[in-house]
Amino acid sequence: MFKRIFAFLVLAFALFGPQSSAQEPIPCTSNGGTTCTFSPTQTTNTYQFGDGSRLTVQFNTVLTTFTLDVTVSHPMNPLPLDPKEFPAGTVCVQYLTSLFNSCDQYDFSGSSGGPNGVPVKNKDYKGLITLTLTYNTSPTFIIHNPAFGHAPGDITTFTEDILTIYSEPFITDPTMGGKIPGLSSVVALDEPLTESDSGCLTLTPTNNPSEQKPQVEVALKVASGLNNLACTGTGIRDKTARLSVALTDPSTGDFISFPPLKNVEGNKFHWDSKAGLNEYDISTEGLPDGRYTVTVFSSKFSPQSASFCLLGGSFLSCL
């Protein structure tokens, strides 16, 4: 028991002890709209809202100094969605504070020369913009297949799903992320499943010999039946399954970041027909000590999550 407690304290210190001098996001907090300043030396800001959500805006390179406002509007379901991108039955995610059947849409404006004063690419910034959204869902709302809706330019119809990463820890708020070339309205969406399947996720950390790289072996079994919690029956191949790895607070489980992974397998699982498993290997090379949440999401089943912990580059049991 003492060893487990000691390991936890060391792990917590590794996360929350002295930090590097790298730029940290500056929080901007308001119950209404919020305004933050970006510059060549301040390329990332985090906006916090009274509904409990948090949006981080990160530019690859900022060329000028400008302010950016983010406000939350509340249109009603159904939103104007492009049926070529979002299947019938897609709805916005219901937050804990959402009014009945209303949405939480994030709108941008600012002091620059783009639509609604947003910054202009190649004038105010270069490269893509990374958006990371954390939100508090209603306990009665079930996520099926997450999507991150984007209405590009000054149009009001959401025509793009920009979702590339998604984390759904067991007891804390979900987080989704994506990249866009220019700032315009975004919203967290939920698409209906295409199949009545269940998914079961197993992580197997391996401390390989020194000539090999440490990794986490991910085994995903997909089986027929929505409430097939043990995934009994023949395994099904899932070509739509995607995987994200999030660094999370070891004591609360709160999202911290999506660390870059090495030797990424194209974010696609490979199929083991003999075992009936969808498999993926996560390289832990270069990952800092901490607790990680692995989330798999798909059009066949609701998101599944599991955790692993690293200390001194080696695996240990997560408390």
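In table form, for the structure just shown:
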{"item": "Within the chain: Cβ-based charge dipole about Cα centre, in debye rounded to nearest 20 (Lys, Arg +1; Asp, Glu -1)", "result": "520"}
{"item": "Percent accessible area from carbon and sulfur atoms, the stretch 239-285, protein chains only, probe 1.4 Å", "result": "51"}
{"item": "Amide H contacts of Gly110 (H built 1.01 Å from N, under 5 Å, at least 5 apart or other chain)", "result": "Asp69, Gly117, Val118"}
{"item": "The stretch 56-131 shape via C-alpha gyration tensor axes, a/c threshold 1.5", "result": "prolate"}
{"item": "Other-chain or far-sequence residues with amide H under 5 Å of Leu163's (modelled H)", "result": "Phe148"}
{"item": "14 Å reach of a label modelled at Glu195, 7 Å along Cα-to-Cβ, counting backbone N of the stretch 274-294", "result": "276-279"}
{"item": "Dipole of the chain, positive direction: furthest Cα of Gly149, Thr71, Gly235, with charges on the beta-carbon", "result": "Gly235"}
{"item": "Projected area, mean over directions - the chain, Cα convex hull, nm²", "result": "18.1"}
{"item": "Length-normalised contact order for the stretch 56-194 - Cα pairs under 8 Å, 6+ apart - percent", "result": "31"}
{"item": "Full-stretch length increase - Thr240, Ile142 - with 0.36 nm per residue and alpha-carbon distance subtracted", "result": "33.3 nm"}
{"item": "His144 long-range amide H proximity, modeled H, under 5 Å", "result": "Glu191"}
{"item": "Point-charge dipole on Cβ atoms (K/R +1, D/E -1) for the stretch 176-319, about Cα centre, debye to 20", "result": "220"}
{"item": "Neighbour-limited loop hits for GluC sites (Glu not before Pro), the stretch 146-242 (at most 14 other Cβ within 10 Å; DSSP other than H, G, I, E, B)", "result": "Glu211"}
{"item": "Ratio Rg/Rh [Cα only; Rh per Kirkwood] for the stretch 78-223", "result": "1.05"}
{"item": "The stretch 59-179 - charge dipole about Cα centre, Lys and Arg +1 at Cβ, Asp and Glu -1, debye rounded to 20", "result": "300"}
{"item": "Accessible area of the chain divided out per residue, in Å², using a probe of 1.4 angstrom", "result": "48"}
{"item": "Karplus-derived HN-Hα couplings along the stretch 74-79 (A = 6.51, B = -1.76, C = 1.60, θ = phi - 60°), whole Hz, x at Gly and Pro", "result": "10, x, 8, 5, x, 6"}
{"item": "Using alpha-carbon coordinates, inclination of helix 2-16 to the longest axis of the chain, degrees", "result": "30"}
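The values are calculated or read from the model by the stated rules, or taken from the named source; none is laboratory data. Just so you know, these numbers come straight off a predicted model, no measurement behind them. Cβ: placed from backbone, ideal geometry, glycine included. Neighbour counts: every protein chain shown. Surface areas here come from the heavy atoms of the whole protein model, side chains and all, with no ligands, DNA or RNA. Shrake-Rupley method; radii C 1.70, N 1.55, O 1.52, S 1.80 Å.
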